[in-house]
Amino acid sequence: MKKYIIERIKSLFIVLAGITIIAFLLGLISPGDPAELSLSRSGNFNPTPEQIEERREDLGLNKPVYLQYLNWVKGVIRGDLGKSYSNNEPISEMIKRKLPVTFKLATYSIAITSLLGISLGIISAIYKDTVIDILIKFMTNIMLSLPSFWLGLLFILVFSEIMGLLPTSGNGGWRYMIMPAFSLSLITIATTTRVMRSTMIQEMGKQYYLAHKAKGISKYTLYIRNILPNSILPVLTLLANFMGSILGGSAVIETIFALPGLGSYAIESIYLKDFPYLQSYVLITGFIFVLVTTIIDIISIIINPKIRIGDLSLK
């Protein structure tokens, strides 16, 4: 187990290094001259070649690419992500202000997905091939076919405009998060339900389950204490991946519901050509995704040390 954890941490740093390269190249290959864009956003709409060259020197753009990359990485390590072209504000300050909104949306989405997805999966497995199971499978089929942006617009129409129960947009208390969180998590709820049902049914066919059932052990002990711990690992991996998809896919939902998070400004920064922010967005979302999946992998190994990954035995 220790060997696997060490190898997993090593691979984490390798992947993070790759993410920094991708984020840096994003700014390097983006159209337009960063120095000219920076001057234009500062109010100088017709900069002279001398001003542009001076600005390039200030930004370090006249240095070789590898030095630009090393200087950028050093700044990232210090927490200096540069300044936004749109308002000249330090990007680290923008991230501090916007990240809590995206994190709150992610928390609500993960909580809803975990509660409903796991619960429905357990119920569907316990009542396999009954009317309840058929209804749950039918419901998940519908949920999987509905795109999240369409759900967001539908929720606004029904629950805000027609029924007047929830606010259409903005960032506030829990009432502001219900529709965005459900819009973002509904597809993953259906997937989680199916994975949970499948793994539980698979566990029910194993010898230990049949032996315990023959001994007359209570259903609560059998399902909760024996079946659930062995069935939950694939679901944890799924939820970890969902956490990453929230950070990358929440941009549309944040835009629809006017949430001032990381994703909504990422879309806006495309129109504004605010490439330093896009670099930081790719870097931060990639870092969080890799970190979460690594933590989940290590937790899975701790829960079940008998898992084998590749040729590495983890007994």
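Which longest uninterrupted range of the chain lacks any chymotrypsin sites (Phe, Trp or Tyr not before Pro) assigned by DSSP to a loop state (not H, G, I, E or B) and surrounded by at most 15 other Cβ atoms within 10 Å?
Numbers: sites that count: 45, 127.
Value returned for the longest uninterrupted segment is 128-315.
Treat the chain as a sphere of radius equal to its Kirkwood radius over Cα pairs and apply Stokes-Einstein at 20 °C in a medium of 1.002 mPa s; give the translational diffusion coefficient in µm²/s, rounded to a whole number. Intermediate values should be presented prior to the final figure.
Values: Rh = 22.6 Å.
D, rounded to a whole number, is 95 µm²/s.
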With 26 Å as the limit, write out which pairs from 137/206; 74/104; 74/96; 10/98; 98/273; 63/273 have Cα-Cα distances beyond it, or answer none.
-> 74/104; 10/98
Out of 230, 141, 46, a Gaussian network model of the chain with alpha-carbon springs under 10 Å gives the largest mean-square fluctuation to 46
Under-5 Å amide H pairs with residue 83, H placed in peptide plane, nonlocal only = 91
To the nearest 0.05, how large is the calculated FRET efficiency for residue 36 and residue 237 if R₀ is 30 Å and r is the Cβ-Cβ distance?
-> 0.05
Calculate, in nm to one decimal, what residue 146 and residue 270 gain on full extension: separation in residues at 0.36 nm each, minus their alpha carbon distance.
-> 42.0 nm
Binned at 10 Å from zero, the C-alpha pair distances of the stretch 66-127 give percents of 18, 25, 21, 16, 13, 6, 0
According to a simple spin-label model (label point 7 Å from Cα along Cα-to-Cβ), what is the distance in nm between residue 62 and residue 111?
-> 5.4 nm
Given a cut-off of under 8 Å on Cα pairs at least six residues apart, what relative contact order in percent is computed for the chain?
-> 25 percent
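To the nearest 500 deg cm²/dmol, what mean residue ellipticity at 222 nm is calculated for the chain from DSSP H runs of n ≥ 4 alone, each contributing -39,500 (n - 2.57), summed and divided by the residues?
On the way: 12 runs with 223 residues, N = 315.
One gets -24000 deg cm²/dmol as the mean residue ellipticity at 222 nm.
Quick note: the coordinates plus some simple rules give every number you see, no bench work behind them. For clarity, every value in this text was computed on a predicted model and none was experimentally measured. Here the Cβ is made from the backbone with ideal geometry for all residues, glycine too, and neighbour counts use every protein chain on show.
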